[in-house]
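S.K.: I'd like to ask you about the structure that follows.
The values are calculated or read from the model by the stated rules, or taken from the named source; none is laboratory data. A quick note: this is a predicted structure, and the numbers were derived from the prediction, not measured. All Cβ positions, glycine included, derive from the backbone under ideal geometry; neighbour counts span all protein chains shown.
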Amino acid sequence: MRMTEFALADDLGPEKYIEVTDPDIGLKAIVVVDNTAAGPAIGGTRMAIDVTGSECFRLARAMTLKNAMAGLAHGGAKSVIAADPRMPAAQKSRLVNGFARAIKDVRDYIPGPDMGTDETTMAQVKAAIGRAVGLPREVGGIPLDEIGATGQGLVAALQAAQPFCSLRLRDAAFVVQGFGSVGQHAARLLGELGARLVGVSDSRGARVSEAGFDIAALRAIKARGGSVIDHEDGEAIAAAELVAVPCDVWIPAARPDVITAENVASMRTKVVAQGANIPATAAAERALASNGTLVLPDFVANAGGVICASVEFHNGSEQQAVRVIEERIKRNVVEVLNRVEATGDLPRDVAVAIARARVERAMSFRFKG
Ligand code: NAD
C-alpha cells in the first residue's frame with residue numbers, strides 16, 4: 001500500500017492492497033481485499049480510465065458491509081483496471097486474461113462484473129483462474145441482469161417497508177430514474193403488484209404520466225434500442241424535474257449523487273428505494289429523514305445482485321437465488337426499520353452499525369493466540 005493510502009486502513013481492513021501491472025499488454029490494475037472474516041471476498045472488477053486506489057478501497061469497504069448485511073459467507077473486495085472498456089474485443093480479452101493471471105494467487109478474492117465488465121469478462125476470468133461470479137449460464141452462471149436479481153431485491157425491500165411508512169404498493173405511484181436493468185425489473189414487478197409508474201427516465205430524457213405508463217411497452221422500446229422518450233404516453237419533462245414528480249416511491253437506478261442538498265426539498269415521495277449506489281448525498285439523506293421521507297439505503301436494498309452471485313458461487317439454482325434474495329432483504333429491512341423507529345437514527349447509520357457488528361463478530365472467531 002502507498003504511504004499516503006495507509007490513512008484508509010482501520011479496524012476492519014483492508015487486508016490487502018495490491019497493484020498489478022504488465023507493460024506488455026498495458027495492464028494497470030489494483031485489487032483491494034478489504035475483509036475476509038466471513039469468507040472469501042466477492043466484489044466487482046471495474047474497468048474505467050479514471051479509476052483510483054482510494055475509489056477501489058471505498059468500493060471494497062462497501063462490499064464488506066453489503067455482504068455482511070446480506071448475511072453472506074463472503075467478505076468484501078473490489079478491483080479496478082485503468083483502461084477504456086470500449087476498446088476492441090480482442091484487446092480487452094488480452095487485458096482481462098492478463099489481469100486474471102496476475103490475481104491468480106489472490107485466492108481470497110472472487111471477481112464479479114461491475115462498470116465496464118460483464119458476464120463475458122467473468123467467463124474469461126473463470127476460464128483463466130477457475131473462479132469468478134456473474135457468469136453466463138453455459139459456465140454455471142445465474143444471469144443476474146436477465147432475471148432481474150437486483151430489481152427483485154428492491155421490490156422485496158419495499159414490500160417489507162410498507163407497514164413502516166403507510167405504503168400500499170397495490171395502489172402506489174412510483175418513479176424510476178434510469179430505466180436500465182435494475183429500473184426495468186423493479187418497474188415490471190411493481191406493476192405486477194398493482195403499482196403505477198408515473199415518471200421514468202434514461203440517459204436521453206424523462207417523461208411523466210399521471211395515469212401510469214404501459215411498462216411492457218416501455219421495455220419493448222428499450223429492447224429495440226430506443227429511449228423512454230420515444231413513448232407517446234404522458235408528456236416530456238426536463239430530466240432534472242423528475243426528482244419533483246409527486247409519488248409514493250422514488251427509485252434512483254442510474255447514477256450516484258442525484259439527490260442533493262440543492263434538489264432534495266422538491267421531492268414529494270414517501271420512500272426513496274435506492275437501486276443505484278450512493279444516489280443521495282449524506283446531507284440529502286439527513287434532509288429526507290427530517291421531513292419524514294423513508295430512505296431504504298443502497299447496500300441494504302440493492303443487494304439482490306450479490307446475493308444471486310453468492311448463490312451461483314455455491315452452485316445454487318435460480319429458484320434458490322430468488323428465494324434467498326427475498327428472504328434476506330425483507331428480514332434486513334425489517335431489522336433496520338425497527339431500529340430506526342426505536343432510536344430515531346438514520347436508516348443508513350443503523351444499517352452500517354448492524355453490518356459492522358456482523359463483520360466484527362466474524363473477526364472475533366479468528367485465532368488471536
Ligand atoms: P444499466 O446500465 O442497465 O442501466 C442504467 C440506466 O440508467 C440506463 O437506462 C441509462 O440510460 C440510464 N441513465 C444513465 N445516466 C442517466 C441519467 N443521468 N439520468 C437518467 N438515467 C440515466 O445499469 P444497471 O445495472 O441497471 O445499474 C443501475 C444502477 O444500479 C447503477 O448505479 C449500479 O451501480 C446499481 N446497481 C446495479 C446492480 C445490478 O445488479 N445491475 C446491483 C447493485 C447496484
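S.K.: Checking residue 208 against (1) touching a residue at least 24 places away in the same chain (Cβ under 8 Å); (2) hydrophobic (A, V, I, L, M, F, W, C); (3) within 26 Å of residue 325 (Cβ to Cβ), which test does it fail?
M.R.: Among (1) touching a residue at least 24 places away in the same chain (Cβ under 8 Å); (2) hydrophobic (A, V, I, L, M, F, W, C); (3) within 26 Å of residue 325 (Cβ to Cβ), residue 208 violates only (3).
S.K.: Where in the range 177-275 are there strands (runs of 3 or more DSSP E), lying fully within it, with 3 or more residues that are in contact with a Phe, Trp or Tyr (Cβ under 6 Å, 6 or more places away or on another chain)? Talk me through it step by step, then tell me what you get.
M.R.: Details: elements: 196-202, 205-208, 235-237, 249-252, 271-273.
The qualifying strands (runs of 3 or more DSSP E) are 196-202.
S.K.: Among 300, 295, which is the only one that is closer than 21 Å to residue 38 by Cα and either within 19 Å of the chain's Cα centre (by Cα) or within 15 Å of the ligand (Cβ to nearest atom) (or both)?
M.R.: 300
S.K.: What residue, among those in the range 270-284 that are surrounded by fewer than 23 Cβ atoms within 10 Å (Cβ to Cβ) and among the β-branched types (Val, Ile, Thr), is nearest to residue 260 (Cα to Cα)?
M.R.: Among those residues, the one meeting the criterion is 281.
S.K.: On the basis of being over 15 Å from residue 56 (Cβ atoms), modelled with pLDDT of 95 or more and surrounded by 17 or more Cβ atoms within 10 Å (Cβ to Cβ), does residue 29 make the cut? Explain how you work it out, then say what you get.
M.R.: On the way: over 15 Å from residue 56 (Cβ atoms): no; modelled with pLDDT of 95 or more: yes; surrounded by 17 or more Cβ atoms within 10 Å (Cβ to Cβ): yes.
No; evaluated as a whole, the condition is false for this residue.
S.K.: Tally the residues that are free of Cβ contacts under 8 Å to residues at least 60 places away in the same chain and either in contact with a His (Cβ under 7 Å, 6 or more places away or on another chain) or within 16 Å of the ligand (Cβ to nearest atom) (or both), restricting the search to the range 123-144.
M.R.: Result for the range 123-144: 3.
S.K.: Next question, about the same structure. Quick one: which of 221, 147 is of a type in the set (Val, Ile, Thr), touching a residue at least 40 places away in the same chain (Cβ under 8 Å) and either surrounded by fewer than 21 Cβ atoms within 10 Å (Cβ to Cβ) or closer than 29 Å to residue 336 by Cα (or both)?
M.R.: Only one candidate passes the filter, namely 147.
S.K.: Taking the condition within 16 Å of the chain's Cα centre (by Cα), among the polar types (S, T, N, Q) and more than 13 Å from the ligand (Cβ to nearest atom), does residue 332 pass?
M.R.: Considered against the rule, which asks whether it is within 16 Å of the chain's Cα centre (by Cα), among the polar types (S, T, N, Q) and more than 13 Å from the ligand (Cβ to nearest atom), residue 332 comes out as yes.
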